[in-house]
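One structure is given here, and the rest of the page talks about it.
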Amino acid sequence: MKIIITGGAGFLGRHLCEHYLKENHQVIALDNLYTGNLENIAAFTQHPNFTFIEHDITHPINLEADAILNFACPASPVHYQKDPIYTTKTSILGALSMLDLAKKNNALILQASTSEVYGDPEQHPQPESYKGCVNPIGIRACYDEGKRCAESLFFDYNRMYNLSIKVIRIFNTYGPYMDPNDGRVVSNFIVQALQNKPLTMYGDGLQTRSFCYVDDLISGITRMLKTPQNIMGPINLGNPHEFTLLELAHLVITLTNSRSEICFAPRPQDDPRQRKPVIEQAKKILNWDPEISLEQGLIKTIHYFDHLLTAEKNRSHHNNLIL
Ligand code: UDP
């Protein structure tokens, strides 16, 4: 298959490129490098089945494809709130241009939606049937409403043009190739702990998240892509083990053997108090269940960031010597 992966130089996009190259597909990664990073895909650039195109999906593009995986969008609150209008454009205009491209090619298209469509949920845990509690004028709305509108566009393209669509709702995911400056809690805590700096806790740390290791998530996504045409979703993909942020912080400090303490800062506006997926649909339809525990996943991720930070330190030391 010829597979287009938008956001191909981002965290999840990069893992998807790797997966489909290993399966001998032809992969075209589209990314405007707004949050994506060429270093993430440096290992693939010489691969005969890999093409990278620097492209902003808010503009149309004409390519041939059998399948499109739409992962292009800044996904960390820090990054998506930097230019909220652009985030909305990426979600909605990006979805429209990719849906048009899928229609032209009669290709299958998968949308990376998000647990953010549930907002600050009043129902806990969150099944796919829950309609959500999103503040439409808050600082998270650019992302939440953008992704909700994209879901609506996907289902309208299916109803109007019989386009083959798949929608997954991704819950908090972490692992190697996250950007150390991503701003999300797992990467922030690990990087801070490795440097023995205080861990920045926003709020009282009693809010919860359920963290999925990236390999588990990629296995869910690739299973979803293979389902028959009548399976469209939306399907939750995430790890249902729920932790408070305080539990996460203590685990990271222990696993990094760090001297860091925890410092508290105000909780951001509309920050969800709790989040945990119901994954019965994914279990039943995809025969999928995450296998990697938070501790196992954190150990792998800590190892990745440790190498990255050491390499950076050596590089700057080397540059100082040259200067
Ligand atoms: N958070 C934190 N410290 C950080 C980064 C995030 O306490 O350095 C909190 C954030 O306020 C939220 C949770 O961690 O309650 C998860 O935030 P993240 O940005 O990772 O993802 P979200 O689930 O909000 O999209």
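The values are calculated or read from the model by the stated rules, or taken from the named source; none is laboratory data. All values derive from a computational prediction rather than experimental measurement. Cβ coordinates were reconstructed from backbone atoms using ideal geometry, including for glycine residues, and neighbour counts include every protein chain displayed. In case anyone asks, the SASA skips ligands and DNA or RNA and just uses the protein heavy atoms, side chains included. Shrake-Rupley method; radii C 1.70, N 1.55, O 1.52, S 1.80 Å.
Table for the structure above
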quantity	calculated
Potential extension, THR310-LEU33 segment - 0.36 nm per residue separation minus Cα distance	97.3 nm
Cα gyration tensor of region 219-297 - equivalent ellipsoid semi-axes, whole Å, descending	33, 17, 9
Environment charge of GLU291, counting only residues whose C-beta is closer than 9 Å and scoring Lys/Arg +1, Asp/Glu -1	-3
Approximate spin-label separation LYS104-THR254, in nm, with each point projected 7 Å along Cα-to-Cβ	5.4 nm
Cα Rg, Dmax, region 91-238, angstrom units	17.1, 55
Sequence ranges 25-34, 289-298, 46-55, 214-223, ranked by mean other-Cβ count within 10 angstrom, highest first	25-34, 214-223, 289-298, 46-55
Dipole of region 215-286, positive end: most advanced residue of ASN257, THR244, ALA282 [Cβ charges, Cα centre]	ALA282
Mean separation of Cα contacts under 8 Å, 6 or more apart, over the residue count of the chain: relative contact order %	16 percent
With eigenvalues of the C-alpha gyration tensor scaled by 5 and rooted, the chain, Å	31, 25, 18
Helical mean residue ellipticity (222 nm; -39500 (n - 2.57) per DSSP H run of 4+; nearest 500) of the chain	-13000 deg cm²/dmol
Carbon and sulfur %, accessible surface of the chain computed with the full protein complex present, 1.4 Å	51 percent
Relative contact order (%) - region 96-148, alpha-carbon pairs under 8 angstrom, separation at least six	31 percent
Projected area averaged over orientations for region 113-171, convex hull of C-alpha atoms, nm²	4.2 nm²
Per-peptide average of other Cβ atoms within 10 Å, ordering 132-141, 13-22 highest first	13-22, 132-141
Bins of 10 Å from zero: percent of alpha-carbon pairs in region 168-277	14, 40, 31, 12, 4, 0
Axial C-alpha extent at least 18 Å, average Kyte-Doolittle at least 0.0 - helices from the chain (DSSP)	84-105
Ranking by accessible area, most exposed first, for PHE71, PHE154 with a 1.4 Å probe	PHE71, PHE154
Interatomic Cα distance distribution for region 20-85, bins of 10 angstrom, percent	17, 48, 29, 7
Burial order of peptide ranges 231-237, 263-269, 144-150 (average beta-carbon count within 10 Å, highest first)	144-150, 231-237, 263-269
Inter-label distance, nm, simple model (7 Å from Cα along the C-beta direction), GLU122/ARG159	2.5 nm
Residues of the chain: accessible area per residue with a 1.4 Å probe, Å²	46 Å²
Pairs from LYS89/LYS300; LYS147/LYS284; LYS22/LYS104 whose Cα-Cα separation, in the structure shown, is over 30 Å	LYS89/LYS300
Dipole magnitude (debye, nearest 20) for the chain, charges at Cβ of Lys, Arg, Asp, Glu	240 debye
